[in-house]
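A.B. asks: Pasting a structure here, questions to come.
Throughout, read-outs are computed from the coordinates displayed, never taken from laboratory work. These numbers were taken from a predicted model, which means no experiment stands behind them. With ideal geometry, Cβ positions are generated from the backbone for all residues, glycine too; neighbour counts draw on all protein chains shown.
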Amino acid sequence: MTIVEGEVVGLYFKSVDSDEITTGNFLTFDKPGIFGSGGRMDVRASHFFPTRLEDFNPLRFIDRRSTTQWCAVSFEELERLAQVKDFRNTLELIPHLRVFIKERRIEAGINVCIKGMSGLTELPRGTRLTFSNERFSNDQIPGPVILGVEEHEEILLDGEEVLRGIAGVVHQTGKIAIGAKVTAEIPVLSA
């Protein structure tokens with residue numbers, strides 16, 4: 001198993017009731033998807049799940065889990081794109097980027113921007129991303145947040161494909177904050 005490390009430099013959220021992508025210091029990653037402030041659910045999960053955590057019905061969740069609960073991009077790839085598109089600040093580009101999820105016919109955004117992880121957008125299915133959560137140790141969180149890579153997504157700017165991102169599911173719930181260390185455990189693929 002190969003290990004690669006990086007750091008979270010941006011966290012983003014697009015709720016069902018808004019077209020805007022907002023940024024935050026942390027996001028809550030749960031089994032039905034990502035939650036922002038006020039218990040609002042990110043649009044990636046809202047197609048199959050209720051928009052409020054208290055309306056969540058575990059029986060409906062069992063067979064309807066989305067494989068694209070989150071999307072992450074590489075800061076370094078974003079930086080190159082920002083230079084080409086004349087953005088002065090790399091992270092200011094993220095709210096302009098969109099992902100169209102064809103099977104679900106929804107437009108979503110990017111949730112996590114990771115710096116220093118070489119080859120992030122080439123990580124294979126089955127890779128596990130482990131995020132440290134020392135900042136939230138008082139919240140009685142059982143351990144680190146673990147996300148599993150399931151697929152790659154095309155990221156669009158003004159309808160044109162400009163980047164690739166990785167997407168997947170939440171394996172271990174919790175909060176991810178800006179500055180969190182992330183480790184990718186890349187599975188050994190058999191020949």
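A.B. asks: Counting other C-beta atoms within 10 Å, and keeping those with at most 14, which DSSP coil GluC sites (Glu not before Pro) do you find in the range 1-40?
C.D. replies: Glu20
A.B. asks: Among 96-102, 145-151, how do they line up from the highest to the lowest mean number of other beta-carbon atoms within 10 Å? Provide the component values of the computation, followed by the final result.
C.D. replies: Details: 96-102: 16.3, 145-151: 19.6.
Highest to lowest by the protection proxy: 145-151, 96-102.
A.B. asks: Points 7 angstrom from Cα along the Cβ direction at Glu79 and Glu122: gap in nanometres?
C.D. replies: Label at Glu79, label at Glu122, 1.8 nm between them.
A.B. asks: For the peptides 159-168, 76-85, 173-182, what is the packing order when you average, over each peptide's residues, the other Cβ atoms within 10 Å and list the highest mean first?
C.D. replies: Highest-to-lowest ranking by the protection proxy: 173-182, 159-168, 76-85.
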